[in-house]
Every structure is written in C-alpha cells, then in structure tokens.
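Below: one structure, written as structure tokens.
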Amino acid sequence: MADDNQYDIEEAIRRQKAAEAQVAGNAQSEWRDGYTLHAEAFLKSLAPEQTFIGEDLRRYVEPFIGQPHHFNAWSAMAGKMIRAWVKEKRIVRLGTMSQATRKTSHASLYPQYEVLP
C-alpha cells in the first residue's frame, strides 16, 4: 500500500535544505570558505542578463578550491548560494533548462539563471 503522505512539497523542501546544510557543514571550512569567495567572484564577473547554470559555477570555482570531501558538496553549496542570490534579487531563475556538459553529469538538465541588472 502506498504511503499517502509520501508526496508533500513542503516536507520535500525542508528535507532538501536539511540535507544540503548537513553536506555543506561536513565540508572542510577552508573548502567551504573558498567556494563562497570564488562563487561571489563568479557572479560579479557576469554581465547583466547573462545566463548560467550551476555547472558554470562549478567550472569557475573548482580550479581555485579543488575537490570537496564528497561530490554532493558541489550541489549543496551551489543550491545554498543560488537560493541566497535569488532571495537578494541578484539573479532570477528562468523557466528554461540546459544540459550539463561535464561527463560525470551524464548531460543532466539544470535550471538556467539570469543575472539581474
């Protein structure tokens, strides 16, 4: 028998944020601080109305900070940063998706974001 409470968007979002916080919290503080510093630099390097996906953010940041303790730390930190930028009205999520090009991403679809003027 199916769990009638299995589909709950509020609970799903709460769990997503909790999992991201746990993964980001487990990342070494030096890596986390480096991610934040270089992610901000990435955003500031973009022109108004320029679009990007989370993979572009990773491509920019990775050479500076290397690999995290766990691959999930990439999406945890990107999700946290992107939500903050949307909330601050620095970027907006578009209704379009773009395929990732990183081989290990298997051409997954990622939401596109646009820098606000």
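Bear in mind these aren't lab numbers, they're just calculated from the coordinates by the rules spelled out. Keep in mind that this is a model prediction, so the values were computed, not measured. Neighbour counts are summed over all protein chains in view; Cβ atoms, including those assigned to glycine, are modelled from backbone coordinates with ideal geometry.
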Arrange the following residues from fewest to most other Cβ atoms within 10 Å of their Cβ: THR51, THR101. THR101, THR51
Which far-off residues, 5 or more places away or on another chain, put their amide H under 5 Å from the one on LEU116, with H placed in the peptide plane? GLU49, ILE91, VAL92
Springs between alpha-carbon atoms under 10 Å, Gaussian network over the chain: tell me which of GLY79, GLY34, GLY66 tops the mean-square fluctuations. GLY66
What angle do you read, to the nearest 10 degrees and between 0 and 90, between the alpha-carbon axis of helix 9-26 and the longest principal axis of the chain? 50
Residue separation between GLN50 and SER105 times 0.36 nm, minus their alpha-carbon distance, gives in nm 17.5 nm
Net charge of neighbours whose Cβ lies under 14 Å from the Cβ of GLY34, counting Lys and Arg as +1 and Asp and Glu as -1: -2
